[in-house]
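The next block holds one structure in the form of structure tokens; read it before the comments.
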Amino acid sequence: MTTKFFVFAAGMTLLFAACKKEKNETPTENANEEITTLKLTFTNAANAADKVVANWKDMDGAGGTNPVIDPVSLKANTTYNVTTELFDERKNPADTVTNEIEEEGAEHRVFHLFFTNPGASVADSLTNVATVTPQDKDENNLPVGLDITMATKTAFTGFLRVVVRHQPGNKDGTYAPGSTDVLTEFPLEIK
């Protein structure tokens, strides 16, 4: 009888330990991504040799040293295929966060917005600078935004803001739900 009790007690201990571990892991699954680097590659749809690559790097996070940002210079009235790549370069080797965003597409949306002034409200984003069309979709047929086409319009000087929104459980295709994984702003000139 005593042996049966000890086997039962040991089995219950293992069961409770397994359940406890599973409970502790769940909250971190919806945590925001750690992103230090965002890379944009603009490829002219009419001339693949015409490429613009721009990086935004913030190795110490918000509130530390200012990020290093490449300016973006594009041609007016031109369509570009744009890819957005995300990395956590504090890890060695660097963690390619892009893969995680792709795998969790139903929880993420990448926005490409245009502004006259840096730090402006999302409500002030401009729609007359370029037409942005996401090319990638999640399992619910909502845009992800890692791959887009950007059709520029007339000349413009301002800012391109790229924002990765983390929207687990409430993604609806709009900016509002969720929280921000990373917000970047590139000086932009279209001429």
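The values are calculated or read from the model by the stated rules, or taken from the named source; none is laboratory data. Computed from a prediction, not measured in an experiment: that's the story for all the values here. Neighbour counts run over all protein chains shown; Cβ positions are idealised from the backbone, glycine included. Areas reflect the complete protein model, heavy atoms only, side chains present, ligands, DNA and RNA absent. Shrake-Rupley method; radii C 1.70, N 1.55, O 1.52, S 1.80 Å.
Before moving on, here are some points about what is shown:
- Filter result for F42 (within 14 Å of T184 (Cα to Cα), out of contact with any Pro (no Cβ under 8 Å at 6 or more places or on another chain), open to solvent by less than 20 Å² (accessible area, probe 1.4 Å) and touching a residue at least 60 places away in the same chain (Cβ under 8 Å)): no
- Of all residues in the range 167-178 being within 19 Å of T84 (Cα to Cα) and at pLDDT 95 or above, the one that is surrounded by the fewest Cβ atoms within 10 Å (Cβ to Cβ): T174
- The residues in the range 105-142 that are touching a helix residue (DSSP H, G or I) at 6+ places or on another chain (Cβ under 9 Å) and either part of a strand (DSSP E or B) or without any contact (Cβ under 8 Å) to a residue 24 or more places away in the chain (or both) can be counted, and the count is 6.
- Yes/no for L146 being at negative phi, touching a residue at least 60 places away in the same chain (Cβ under 8 Å), crowded, with 16+ Cβ neighbours inside 10 Å and under 14 Å from the mean Cα position of the chain (by Cα): yes
- For the range 80-98, the count of residues that are free of Cβ contacts under 8 Å to residues at least 12 places away in the same chain and touching a strand residue (DSSP E or B) at 6+ places or on another chain (Cβ under 9 Å) is nonzero.
- Looking across the range 162-175, the residues that are more than 18 Å from E33 (Cα to Cα) and within 15 Å of the chain's Cα centre (by Cα) come down to G173, T174.
- Scanning the range 134-158 for residues that are of a type in the set (D, E, K, R) and closer than 18 Å to T98 by Cα gives D136, K137, D138, E139, D147.
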